[in-house]
Every structure is written in structure tokens, then in C-alpha cells.
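The values are calculated or read from the model by the stated rules, or taken from the named source; none is laboratory data. Just so it is clear, the model here is predicted, and its values are computed rather than measured. Here Cβ is always computed from backbone atoms with ideal geometry, including for glycine, and neighbour counts include all displayed protein chains. Note: accessible area is taken over every heavy atom of the protein model, side chains too, but ligands, DNA and RNA are not part of it. Shrake-Rupley method; radii C 1.70, N 1.55, O 1.52, S 1.80 Å.
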Amino acid sequence: MTSEFAGIAADFPDPFKLIIRESAASTNDEIRALADLGHSHGVVLIALRQTAGRGRRGATWFASPGDSLAFSILLRPDEPQALWPRLALATGLAVAEAVESFGPAAGIKWPNDVWFGNRKTAGILVEAANNCAIVGIGLNVNTPAFPPELQPIATSLHIETGHPVSRAEVLAAIVTRCAIRFPQIGADFNQMLDGVRQRCVLTGNHVTLKTISGNLDGLVEGIAPGGELLLRTRTGLKHIVHADEIRLA
Ligand code: BTN
């Protein structure tokens, strides 16, 4: 079967190239196997049907076949491994910029959920593997409507623009923005952070964070120069590197 994605890799910047799978349990796991076989920086693996998608914090990620995008990118960054966690922010920004090129302004829920209004349209799972990083992206593109229980929290490009959008073009737009943002985890990090700060939906809001050492309440003051979330709590300003869950109060 020829998929709608067959010709789109011609629009990818160097050195990104596309592998299409009819079906995969998780594209992150599938591309990790390719990494172990020595595949190079810039391989993008998309599954037309993802049957066991993984989200952050061990959650399941459901990608509705035909409507959504589920793909992973294999990276072998030149930058030191200590900087690779910044790829989470870089990817969130790249996805936000890409979807904005189809219409509505997008927000970023730190570190990297992409929102329209107060509803999520994309989730990102960055994992480190043997000498490489794997960036997994799940995006609701043409989902026409969500079941009632998801309507308050989930949205799609289709819902936001009012019309279906080419998934192949969305994929190419994301890869193109990733090619610009990924190298900025090094010297140009500050410039990249500006884009994240402009879109950060948490800034100025009271939130509850779930961390390994318990819940933390506070006011989000912004994003620090290192990419951490700045949380003003009763006991002072905290630099949050990682949170299991962030709820807007
Ligand atoms: C999250 O918001 O919890 C992250 C969701 C990440 C889902 C994507 S879909 C493609 C890639 N393969 C996976 O198994 N997960 C990521």
C-alpha cells in the first residue's frame, strides 16, 4: 500500500530521512532497535498504526490510526550528553511552531506538551539510549471529535482550524522546525528558550506539581536560563528540573 507519506521525505531537510511502518508497537522502541543496528542521525520512523504507544510517566499513548501522527526521530547529537535533556524543550517548541504554520497559535505546557487553548494536541517522549537520543512525537491532527471524557483536555488541528489538514505536510513542517531547533540545545539555547517562554502556558499561573518528594504549590514565574521552571512557593523560589505532573490550580 502506498501511504500518504511516501513522497514527503523529499521535503525533509538534510540529513533527515523517513522510514514508514504499517504497524509498530511503539515507534520509540522500533527506532531504538534501528539505533542498536547503527542507523544514523536523522532517521524518522513513522507508524501508520501504533499499537502500544508509550507516554511519559509510564502512561499509555493512544494514537488513532488515520487521524494522528505517531513517529520518532533518532538523534546522535554533537552536543555533550549533559545537554540532551534540552531536546525536550527544543521539540516542544518545534512542534508548536510547526502546528502554528497551519493556523492557530499554540502554547507549551512546560516542558513540552503542546496545547491549543487549555487542551493538549501533542505529547513528546524523549529518551536516551546507547549513544543516541530518541524523540517520540504523538500529535492529534485530524481527529474530528473526542469522546466526552476527553473533550475538556484533548484537541486536534482539525478541531482548531475547522478543516482536515495533510498529515504528511504536518510531519514535514515538524521535521523542518526540529532541524532548526535541535542544534540550539548548545550555544543558541537562550534564543530557543525565548520561543518557549513566549508560549509557556504556565507562566503567571498557580500550579500544583507532583514531584518524587511530594506535592509543591506555587506561582510559576517563568523559565530559568537553564530551562528549569521557576516556581515561587511559600518557602522561596525553586528551580524545577523535573515534575511528574503539573496541574493548573
Ligand atoms: C506524553 O505526553 O505522555 C508523551 C506521549 C508521546 C507519544 C509518542 S507517539 C510516538 C512515540 N512512540 C511512543 O511510544 N511514544 C511516542
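Rounded, prolate or oblate for the range 104-234? Axes are the square roots of the Cα gyration tensor eigenvalues, ordered a ≥ b ≥ c, and the cut-off for rounded is a/c under 1.5.
Oblate, because a/c is 1.5 or more while a/b does not exceed b/c.
Going 7 Å from the Cα of Ala10 along its beta-carbon direction, which residues of the range 167-202 have the amide nitrogen within less than 13 Å of the resulting point?
So the set is empty, nothing qualifies.
Can you give me the long-range amide H partners of Asn205? Hydrogens built in the peptide plane at 1.01 Å from N, cutoff under 5 Å, separation of 5 or more residues or another chain.
So Asn205 has HN proximity to Val220.
Could you name the aspartates and glutamates in cross-link range of Lys210, using Cα to Cα under 12 Å and dropping any fewer than eight places away on the same chain?
Cα-Cα hits under 12 Å: Asp244, Glu245.
For a quick protection proxy, order the peptides 88-95, 5-12 by their average other-Cβ count within 10 Å, most packed first.
88-95, 5-12
In debye, nearest 20, what is the charge dipole magnitude of the chain about its Cα centre with +1 on Lys and Arg Cβ and -1 on Asp and Glu Cβ, if you could check?
With Lys and Arg at +1 and Asp and Glu at -1, about 580 debye.
Using θ = phi - 60° and the Karplus relation 6.51 cos²θ - 1.76 cosθ + 1.60, list the HN-Hα couplings for the range 141-158 in order, rounded to whole Hz, with x at every Gly or Pro.
Once rounded to whole Hz, the list reads 9, 10, 4, x, 6, 10, x, x, 5, 9, 3, x, 10, 10, 8, 9, 4, 4.
Using modelled backbone amide H atoms (1.01 Å from N, in-plane), which distant-in-sequence or interchain residues come within less than 5 Å of Arg49's amide H?
Ser23, Ala24
Summarise the accessible area of the chain (1.4 Å probe, protein heavy atoms) by the percent that is carbon and sulfur.
52
Could you work out the per residue convex hull volume over the alpha carbons of the chain, in cubic angstrom?
Per residue, the Cα convex hull of the chain comes to 127 Å³.
Give me Rg/Rg_expected for the range 1-128, where Rg uses Cα atoms only and Rg_expected = 2.2 N^0.38 Å with N residues.
With N residues counted in the range 1-128, Rg over 2.2 N^0.38 Å equals 1.05.
Please list, ordered by chain and number, the residues whose modelled amide H lies under 5 Å from the amide H of Trp115; skip anything fewer than 5 residues away on the same chain.
Under 5 Å from the amide H of Trp115 lie the amide H atoms of Gly107, Ile108, Lys109, Thr121, each far enough along the sequence or on another chain.
From the phi angles alone, apply the Karplus equation (6.51, -1.76, 1.60; θ = phi - 60°) to the range 79-89 and give each ³J(HN,Hα) in whole Hz, x where the residue is Gly or Pro.
Ordered by residue, 3J(HN,Hα) equals 6, x, 4, 4, 8, 4, x, 5, 4, 4, 5 Hz.
At what distance in angstrom do the alpha carbon centres of the range 96-169 and the range 44-92 lie from each other?
Distance between centres, Cα-based: 12 Å.
For the range 242-249, in order, what is each residue's ³J(HN,Hα) by Karplus, 6.51 cos²θ - 1.76 cosθ + 1.60 with θ = phi - 60°, in whole Hz (x at glycine and Pro)?
Result, ordered by residue: 8, 9, 6, 7, 10, 10, 6, 6 Hz.
Give the peptides 132-145, 49-62 in descending order of average Cβ contacts within 10 Å, highest first.
Sorting 132-145, 49-62 by mean packing, highest first, produces 132-145, 49-62.
So what is the 222 nm mean residue ellipticity for the chain from helices alone, if each DSSP H run of at least 4 adds -39500 (n - 2.57) and you divide by all residues, rounding to the nearest 500 deg cm²/dmol?
-6500 deg cm²/dmol
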